[in-house]
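Colleague: One structure, pasted below without further comment.
Readers should treat all values here as calculations from the given coordinates under stated rules, not as data from a laboratory. Please read these numbers as outputs of a predicted model, since none were measured by experiment. Glycine gets a Cβ as well: all are built from the backbone with ideal geometry, and neighbour counts include every protein chain shown.
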Amino acid sequence: MKIGVFACLLLSSVIACANEPVDWVDPLIDTHNSRWFYFNSACRPFGLVNLSPDTQTKGSWKSGYLYGDTQIRCFSHIHAWQLSGIPVLPIVGEMTGPLGMDAYQSDFSHDEEIVRPGYHKVVLKKYGVTAELTSTTRTGFHRYTYPSTEDAHILFDVGAELGHGPVVRSEVRKVNENEIEGMSLMKGTSRRKKDSPVFFVARFRDAMSGFGGWNKDEADLPADAISGSGAGAYVRFRTEANRPILMKVGVSYTSIDGARQNLEAELSDWDFDRIVQESREDWNTHLSRIKVDGGTDAQKTKFYTDLWRSLLGRRVVSDASGIYCDMTGPERKLRQIPVDDDGTPDFNMHNSDAWWGSHWSLNILWPLICPERYSDFCKTSVQMYNDGGLIPRGPSGGNYTFVMIGDSAAPFITSAYAKGIRDFDTMTALEGLVKNTGKNGGRYYGGYAKEPTESVFEEYNSKGYVSWGNPLSGGHGKSVTSLTLYNAYHDWCIAQMAKGLGRDEIYNQFIAGARNYRHVIWPEKQSAWVRMENGDWMPDFMPREEVFEQKGFCETSAAITTFYVPHDPMGLAEMLSGHQAAAEKLNAQFEIAQQHAFHLPGRLHGNALVDYANQDGTGMAHYFNRIGFPWLSQKWVRAVQQAAFGGTNPFSGYNGDEDQGQMGALSALMAIGLFQFDGGSGLEPRYDITTPVFDRVVISLSPEYYDGKVFTIVANNQAPENIYIQSAKWNGEPLQTCWLPHKELVKGGTLELDLGPNPNKAWGRL
């Protein structure tokens, strides 16, 4: 009851001052069951620095900031895919750094906490310290208000285990009375194979009164330089209650010089409040690219929080100068992004989790609201191809990680090309995508594998499917039917880009593979199935199992994966006894899944009929649009958006693995009534139209990539029960289809929808 009241008061306080899109964002949504990279507060869009408190510091899961915890262990600067680093904490009294976080952590209360995009304020009760955090893209900024004391410390526990694993070694040096510098070498993980360094420079407004450190052998080293296993450091200040200690921390993956240059390039003065305001304005500028009217306060809160999340998790990793760390080869190398005549880098290199599933989320939303960022990711992919010979599907700190399976970079890059985002080397990108499908290509690495599985390449290219007896090495290796379906879709994506670039020989090679999904859909069973080595269908197989990952399928079930044919929905319907039978089959699954809010607790993906807690099932409600039953898409998209993604408190909102903005992007798209079932990779991409939850949606289109016009959606007769589209107009003319071409949308215009409580089955039919 107490928690519920607090959540309501928090939402009320947000609403009271919600004058701009950024004011609607609530970073605390669904933070009860966090993941290391999930929670971020004092950070910028795509920022290298992701500064926020940590209540749990070990592991990739259930780590970072968890709402239900009562102790803050540190404030760390990096919360990224397989990357972490630079934990600090202000304390008072005895210098307890060598005793570890269990000893020096402090209790805190949400009642004394302010959390909003670009800013976090919290009181460390153990020490009577008010800590405030903000940042630029590559620099953390701290303001600590201590009591008057001779023994105010800031701990730099840079040798402690943090996030994904331990630190191999660390070092800290005193540069002068106002500055220290250092490094942590993150131990490689099963995903990010190589040990990876992160560097920092910390600068203080006031001169320190003391400096020292520790390592695993000595508890207090009064030296000017500390290094080794478990090494950490502290700085000491004499403080007055009315004069805060200000600290700036520049961070880099390249070098200490890179960290110092980042600090000096982005944070030249000590005006903390100005940086807080600039961070707010930075976020508001991004979020204001979509403005909504109408809807409930909760819907606005969730929508702008979803947008915020979609712009949050996939981090910049290059320095302000354009230098970045390349770990694709046997040795670590520093490389330079091309710069213009003024020395400005052409783009930023980025870190990210897999693109697995992003064809139904980020690949659709980003071209509408941040095509310039989308371009950076495409350029990152091409740069890594030039460096290491493969297009990455989930790079971490310059490493290939081969997270998940398949070739999910293909729809990411081809969707950019199809939508006119072509200011990257498209020919080299296509070359890399084709190479990724080869014998030694990224497509045939299982999750986190060290090498490709050539026999899987041979079987797929000879039979058109992958059989149960021929798994990939690495994680998800037995997901052979999922891999076959991914390959078929990704072959289609590559074929589209090849055709657009006039490479007919590549188009002809890959368009044939787009039909390979037919080898793993068994018409007799009306389901995706697993093939045996001899070509037989697996006996005694059931389309659902009460497991995390059903045999043959990647974190999902056969019941869901049956509908994973984004590029040929009508072809799939033919195999399912026609479009009427396919619609009835899928509708029945939705009716049952509604009982569980369209996801199963406990991550039992293998037993789901519909699953909006994981990526593979997130296009299901839109399948109806593509086979002639748009009113069913309207019905189920609204139901899913409310049940699975409608929560606005710390205990709901995503109900699964949000995966660095993917579920946020999906929820936002559902709320405004736009989608692309094929991921937008066709040469004539179009948007599936469903019913928005708002009266008006206004998207300001990029003048750099499009005509710079405004696209507006108007929903007449908006009401909770009016979930069905009765009729539509595009720029005043009747629109009879349930889709809108991308080339029309980006010219700007108005899509007007009339809504009602009952389906109009005559509108939007094929």
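Colleague: Calculate, in nm to one decimal, what residue 591 and residue 99 gain on full extension: separation in residues at 0.36 nm each, minus their alpha carbon distance.
Modeller: Details: separation 492, 0.36 × 492 = 177.12 nm, distance 5.50 nm.
Result: 171.6 nm gained on full extension.
Colleague: Over what distance in Å are the Cα centres of the range 197-222 and the range 164-192 separated?
Modeller: The range 197-222 and the range 164-192 have Cα centres separated by 12 Å.
Colleague: Work out how much length residue 372 to residue 696 would gain on full extension: take 0.36 nm times their residue separation and subtract the Cα-Cα distance, in nm to one decimal.
Modeller: Values: separation 324, 0.36 × 324 = 116.64 nm, distance 2.52 nm.
Going from the current span to full extension adds 114.1 nm.
Colleague: A further question on this structure: Nearest 0.05, what FRET efficiency do residue 70 and residue 335 give at R0 = 56 Å with Cβ-Cβ as r?
Modeller: On the way: r = 45 Å, r/R0 = 0.80.
Rounded to the nearest 0.05, the efficiency is 0.80.
Colleague: Still on this structure: Assuming a viscosity of 0.890 mPa s and a temperature of 25 °C, what translational diffusion coefficient in µm² per second does Stokes-Einstein assign to the range 82-124, Rh being the Kirkwood radius over Cα pairs? If you can, show how the numbers build up before the last one.
Modeller: Values: Rh = 12.6 Å.
For these conditions, the coefficient is 194 µm²/s.
Colleague: Okay, moving on. Hey, any idea what the orientation-averaged projected area of the convex hull of the chain's Cα atoms comes to, in nm²?
Modeller: Projected over every direction and averaged, the Cα hull of the chain covers 31.1 nm².
Colleague: Once fully extended, how much extra length lies between residue 428 and residue 511, figured as 0.36 nm per residue of separation less the alpha-carbon to alpha-carbon distance? Please list the in-between numbers first.
Modeller: On the way: separation 83, 0.36 × 83 = 29.88 nm, distance 1.97 nm.
So the extension gain works out to 27.9 nm.
Colleague: What distance in nm lies between label points placed 7 Å from Cα along the C-beta direction at residue 683 and residue 501?
Modeller: Once both label points are built, they end up 1.4 nm from each other.
Colleague: Now for a separate question. Taking the Cβ of residue 647 as the center, what net charge do the other residues with Cβ under 10 Å away carry, scoring Lys and Arg +1 and Asp and Glu -1?
Modeller: On the way: positive: 302; negative: 30.
Overall, the nearby charge balance is 0.
Colleague: Which of the aspartates and glutamates could a cross-linker span from residue 216 if the Cα-Cα distance has to be under 15 Å and same-chain partners fewer than 8 positions apart are dropped?
Modeller: Answer for residue 216, where 15 Å is the Cα cut-off: 157, 161, 171, listed by chain and number.
Colleague: How would you order 693-706, 546-559 from highest to lowest mean count of nearby Cβ atoms within 10 Å?
Modeller: Numbers: 693-706: 18.4, 546-559: 22.9.
Top to bottom by mean Cβ count within 10 Å: 546-559, 693-706.
Colleague: Run down the lysines and flag those whose C-alpha is under 19 Å from the C-alpha of residue 193, throwing out any fewer than 8 positions away in its chain.
Modeller: 58, 333, 450
Colleague: Which lysines, on any chain, are close to residue 743 with Cα under 19 Å apart, when same-chain ones fewer than 8 places away are left out?
Modeller: Cross-link targets: 419, 499, 709, 729.
Colleague: Mind giving me the nanometre distance, one decimal, between the label points for residue 285 and residue 207, set 7 Å out from Cα along Cα→Cβ?
Modeller: 3.9
Colleague: For the ranges 351-358, 331-338, what's the packing order if you count other beta-carbon atoms within 10 Å of each residue, average per peptide, and put the highest first? Mind dumping the intermediate values first?
Modeller: Working: 351-358: 26.8, 331-338: 13.6.
Descending mean neighbour count gives 351-358, 331-338.
Colleague: Which of the peptides 528-541, 191-204, 620-633 is most tightly packed, and how do the rest follow, judged by the mean count of other Cβ atoms within 10 Å per residue?
Modeller: On the way: 528-541: 14.7, 191-204: 22.4, 620-633: 24.9.
Final packing ranking: 620-633, 191-204, 528-541.
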